[in-house]
Amino acid sequence: MTLGERFGWHGREVAWTRSGHGPPVVFCHGTPFSSIVWRPYAEALARDFTVHLWDMPGYGASSKQPGHAVDFDVHGQLLADLIGHWGLDRPDVVAHDFGGAVALRGHLIQGVPYRSLLLVDVVALPPTGSPFFRFVKEHPGVLDGLPAYIHEALVTAYIQGASHRGLRPGDLDALKAPWLTEEGQGAFYRQIAQTDERYLAEIEERLPALDLPVRVLWGADDEWIPPATGERLAGLIPGAAFGLIPRAGHLVQYDAPAALGTELRAWLARA
């Protein structure tokens, strides 16, 4: 599945695609990734569902202009308008990493109705961020001018660290490719620098008001966001179920594809 469609939004260009037949499912990716993390799952589900993949502005195949904000609030507004553009009524939403905050803001702040939420190793609660993440936030612009080979080494190590098992070379290359252009290098540090935890605090305040089926899944060996955070998140959502996926890190999609695929299909196919 390639993102062959484009949606113009406040000067941004959002790359997206839709495939399949059946109830609508929207996938939201996180950082520093793109919709590629969900592509195999969307392809597998397209027989029974109408799947929607998209890259957030600043990521993947979408536009990356330096002057465009890429914070949680912006992406939450965009998701709401994108779902409206697609004409969807109560889709199931599946989110990973930053996509969790985006999906939650789309529902809790923007008021978009969902049928359900499946949250996989998501960023949703403050505080967030690794030591590297905090360094970039505290020194905006400092790393933008790194020599390309140093930037690539940094991105490679950072993305590789999200996997518990280790990424295959082809998968690693595909995940880091959008960040290795001149445009992508600036976008890589910009999306970290613009992370604002007040938008996560707004989500946390509203979680007890969630009134829809929610499943929270976590890699048991996630070193980016510990499973205890997932348990805390599920505990704040009325009726939410929490589950661990063994031998998987933050990139559950690559560490435990069969287990995640089984969980995903079971969740979407429930009565």
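Filtering segment 112-127 for residues that are out of contact with any His (no Cβ under 8 Å at 6 or more places or on another chain), in a loop (DSSP other than H, G, I, E, B), over 25 Å from ALA193 (Cα atoms) and at pLDDT 95 or above leaves a non-empty set. Listed by first and then second residue, the pairs linking a residue in segment 69-83 that is under 9 Å from GLN110 (Cβ atoms) to a residue that is hydroxyl-bearing (Ser, Thr, Tyr), with Cβ atoms under 8 Å apart and 6 or more places separating them unless they lie on different chains, are GLY76/TYR199.
Evaluate segment 159-175: report whether one residue or more is open to solvent by less than 40 Å² (accessible area, probe 1.4 Å), part of a loop (DSSP other than H, G, I, E, B) and touching a strand residue (DSSP E or B) at 6+ places or on another chain (Cβ under 9 Å). Yes: one or more hits.
Pairs meeting the criteria (first residue in segment 221-239 and touching a residue at least 24 places away in the same chain (Cβ under 8 Å), second residue among the β-branched types (Val, Ile, Thr) and in a helix (DSSP H, G or I), beta carbons under 9 Å, at least 6 apart or on different chains) are ASP222/THR229; ASP222/VAL252.
Please find, within segment 43-61, the residue that is farthest from the chain's Cα centre (by Cα) out of those that are buried (at least 23 other Cβ atoms within 10 Å of the Cβ) and over 15 Å from HIS75 (Cα atoms). The residue in question is LEU45. Listed by position, the helices (runs of 4 or more DSSP H) inside segment 185-271 whose residues that are charged (D, E, K, R) and open to solvent by 60 Å² or more (accessible area, probe 1.4 Å) number at least 2 are 197-206, 227-236. Close Cβ contacts (under 6 Å, 6 or more residues apart or on different chains) running from residues in segment 193-217 that are at negative phi and in contact (Cβ under 8 Å) with a residue 24 or more places away in the chain to residues that are open to solvent by 60 Å² or more (accessible area, probe 1.4 Å) and outside any strand (DSSP E or B) comprise ALA193/LYS137; ALA193/PRO140.
Of all residues in segment 101-127, how many are of a type in the set (S, T, N, Q) and open to solvent by less than 30 Å² (accessible area, probe 1.4 Å)? The qualifying residues number 1. If you check VAL102, VAL136 for being within 28 Å of LEU172 (Cα to Cα), in contact with a Leu (Cβ under 7 Å, 6 or more places away or on another chain) and at pLDDT below 95, only one passes: VAL136. Each residue in segment 1-18 was checked for being open to solvent by 40 Å² or more (accessible area, probe 1.4 Å) and either under 18 Å from the mean Cα position of the chain (by Cα) or at negative phi (or both), and 8 pass. For segment 84-100, filtered to residues that are open to solvent by 10 Å² or more (accessible area, probe 1.4 Å) and over 12 Å from the mean Cα position of the chain (by Cα), the residue that is nearest to LEU244 (Cα to Cα) is ARG90.
The values are calculated or read from the model by the stated rules, or taken from the named source; none is laboratory data. The shown structure was predicted, so the numbers you read here are calculated from the model rather than taken from an experiment. Using ideal geometry, Cβ is built from the backbone for each residue, glycine included, and neighbour counts are taken over all protein chains shown. In case anyone asks, the SASA skips ligands and DNA or RNA and just uses the protein heavy atoms, side chains included. Shrake-Rupley method; radii C 1.70, N 1.55, O 1.52, S 1.80 Å.
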